[in-house]
1. In Å and whole numbers, how far do the C-alpha atoms of chain B stretch along each principal axis, longest first?
2. Just the ratio, please: alpha-carbon radius of gyration of the protein assembly as shown over 2.2 N^0.38 Å, N its number of residues.
3. Does the range B:197-278 come out rounded, prolate or oblate, given a ≥ b ≥ c as the square roots of the eigenvalues of its C-alpha gyration tensor, rounded meaning a/c under 1.5 and, failing that, prolate meaning a/b above b/c?
4. Put a dot 7 Å past each Cα toward the Cβ at B:GLU323 and B:GLU406; how far apart are the dots in nm?
5. Which FRET efficiency value, to the nearest 0.05, is calculated for A:VAL135 and A:LYS76 with the Förster distance at 45 angstrom and r the Cβ-Cβ distance?
6. Calculate the FRET efficiency for B:PHE58 and B:ALA348 from the Cβ-Cβ distance with a Förster distance of 22 Å, rounded to the nearest 0.05.
7. Using amide H atoms built in the peptide plane, which far-off residues or other-chain residues are under 5 Å from B:GLY90 H to H?
8. Beta carbons within 10 angstrom, averaged per residue: use that to sort the peptides B:195-207, A:178-190, A:126-138, highest first.
Amino acid sequence: MSGSTGQKLGGETAQAVVDTAAPSTEVASKSPMQLAAGRLRKDKLTLVSLVVVLLFVLAAITAPLAVHFGWIDPLKSALNLTDEFGRPKDKWGGMSMDHPLGIEPGTGRDTMARLWSGVAFSLFIALSATMIAMVLGVVLGIVSGAAGGWIDAIIGRVIDLTLAFPLTLMLLALASTGLIMVEKYLHTPKGNPTAAVYVIVVLGLFGWTGIARIVRGQVLSLREREFVHASTMMGASKFRLYFREILPNLWAPILVTFTLMMPAFVSAEAALAYLGVGVNAPTPTLGNILNESISYADVVPTFFFIPGFTIAAIVVSFNLLGDGIRDALDPKGHQ
Amino acid sequence: MAEPHESQTEPAADNTVPAGDVAAGPSLEELLKQSNKPAKFDPDAPSILTVDNLEMYFPVRSTGVIRRKIGDVKAVDGISLSIPRGGSVGLVGESGCGKSTAGRAITRLYKPTGGSVKFGDRDLVQLSNRELKPLRRDVQMIFQDPYSSLNPRHSVGAIIGAPLRIHNMVPKNQTLKRVQELLEVVGLNPEHYNRYPNEFSGGQRQRIGIARSLALQPKLIVADEPVSALDVSIQAQVINLLQDLQKEFDIAFLFIAHDLAVVRHFCPQIAVMYLGKIVEIADRETLYSRPNHPYTQALLSAAPDVKQAAIGGRRERIRLTGEVPSPINPPSGCRFRTRCPLAREICAKVEPPLMQIGPHHKVACHFAGELGNQPHDPVTARMLGVDNSGNPDPGATPTQIEDSPEFSDVWFDLKERRTVKP
Ligand SMILES: Nc1ncnc2c1ncn2[C@@H]1O[C@H](COP(=O)(O)OP(=O)(O)OP(=O)(O)O)[C@@H](O)[C@H]1O
Ligand code: SF4
Ligand SMILES: [Mg+2]
């Protein structure tokens, strides 16, 4: 600001000062979020990953409709398409006009139908677990930072314990007990619904620590910012302080953590499926499709690559999007 | 202040700052001199806020699980002052001496650990947050950092409107109108209410913060270094704005600053703080022309313009060596002794009391005196009942020295070494 006007109060001169000093009087008002969106728009890689992510989300949303209207049927087997060893009779894993991605060895189920529904189930599981983890993490993080003292100390110890927990091991060891408990207390139907809820709850209960720590740290530093003091000075309530003044400043880490947690849970679901925990066939998830495909890696390589590639695409696109959002929200934080 | 105020528009004085050459431009002193007629000190003005022996200690805790209290940061250690209705008092001191903490304790952002802050007939220190809420309208604060004092996620309208909504100052549908009035009062374009803080310069942001503090029509504003973060040319504009607002709305100010140049044009009465204590307090003319504390003298000699004005530009700058000691473990006796050019034995042993040495002048130093004219033996020894090197003197009878927020009409005359009553 050059500040070349030694002005006093009042309409006209004030106007003059504003005009010389504001970046531009023409542009419409831009919130920090809008500015971030503007930066995002210039970032090609992030835009591409955004498109890929949106395609996956679209696929997930349309899958139930496609099944409902009978366009795809992920459960229908077609044993006539496989030979006596269960291998697809046709070349390229049974790819044809009817089965663009081939068929599943052994059962002859349509790979595209299974993959499409699998994306939906996997993203649903990941999203549900992410929501649980985010809500838990944000609330506990704010409480921890806001309350301080022994509440903060207890939450801190719980986070340490959770992080020290051998999660996968416990999941395997406790799977049977866990499934029974889910069934008993949440009244889920036996079988796959219970398994899905078990995976969601466990991922959610163990996934909140990272965001809780981030939020707590942010709350502690934001609390010392003068705009929070100003709000106290105005006589604002504690609620207003934490939810109107501080929370809006947490959207950046929340959004970034969200986009990074989704792919982490998609691969977690796959890893658990490989270990035999979670939703089982015939209900398709990316995890159990991949698990199935591994035994055919040498005989039907197309079938092996398709689910693996899909999971990789989801993980990479979500991660790139998360990184891109982080950079757009915090342009000074990277080079 | 229901109406947007009108003031005569002065022609933009473009010649005051050569464009693009801020560094070599005129100093704050010169800029202010042109536009500013500082108010006179009125010793009889009724007090609006009386701070008595205010203490703000922060506990220092050990690390680890138990976190025992192992000491105190004595950020503010017994300060007393009185702010007259519609007047202004300056509070000056180096970084880290506890100015912000004092301001925040007075406005009850912190709960003071001792002393009282009387506003009207109520002691703010004793009030709970709920009881404080209605009083928040009367006492407001302007913050030091224009970048962190505005929530980056809220529009200017939301920022200035928040106090209006919290206190139901105006009917809901009038909030926007009132926000625009306030923007106009502080010299911003009222149409910019829907912009976000990142679209404004530092000076403009500070104006937004000022508008927010005016929204509740306070009687007292604590301004915590409101211009320290700004360019010199902008500093003058903001100080002028504050001065106009003060006259217009009859607001009292506690104006915190880290150098004596800024408050010179704003405050008829100035207190100098060092490490949590007031070391000298006086009306402006006395403090700038006849400072009696070595610390004030050093501060004055460091402010080039003021030096010129106060002591004719003849004196060399007094360099303060060393750092401000930690308020966790302040030096014994006089807290300034580790950096004081005059320090002697007594200074380490006995703490100098803040004694009144003139009609509107108090100072806390054993060797209080004008620069180059300091006494050879401690002026305080007799009243403290010690000998000249600070050891207790069995023959002497110490006099009770009390530090009240107000000035008394008897004081200790340094030359005659006795209490005088004009
Ligand atoms: N919440 C706190 N807890 C512990 N110590 C504190 C706290 N706030 C301030 N202090 C300490 O109190 C002392 C005075 O700090 P304060 O911010 O009041 O200084 P200041 O005079 O305003 O300095 P500046 O000019 O840098 O703003 C410092 O030593 C600081 O470390
Ligand atoms: S009391 Fe002693 S150390 Fe303190 S300011 Fe006076 S001369 Fe210096
Ligand atoms: Mg400060």
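1. Computed over chain B, the largest-to-smallest principal extents equal 75, 57, 47 Å.
2. The value comes to 1.28.
3. Since a/c reaches 1.5 but b/c is at least a/b, the shape of the range B:197-278 is classed as oblate.
4. Output for this residue pair reads 4.3 nm.
5. Numbers: r = 38 Å, r/R0 = 0.85.
Efficiency at R0 = 45 Å is approximately 0.75.
6. FRET efficiency, B:PHE58 to B:ALA348: 0.30.
7. B:PHE255, B:GLN269, B:ILE270, B:ALA271
8. B:195-207, A:126-138, A:178-190
No lab work stands behind these numbers, since they all come straight from the coordinates. Predicted, not measured: the structure shown is a model, and the values here were computed from it. So basically every Cβ, Gly included, is an ideal-geometry build from the backbone, and we count neighbours across all protein chains shown.
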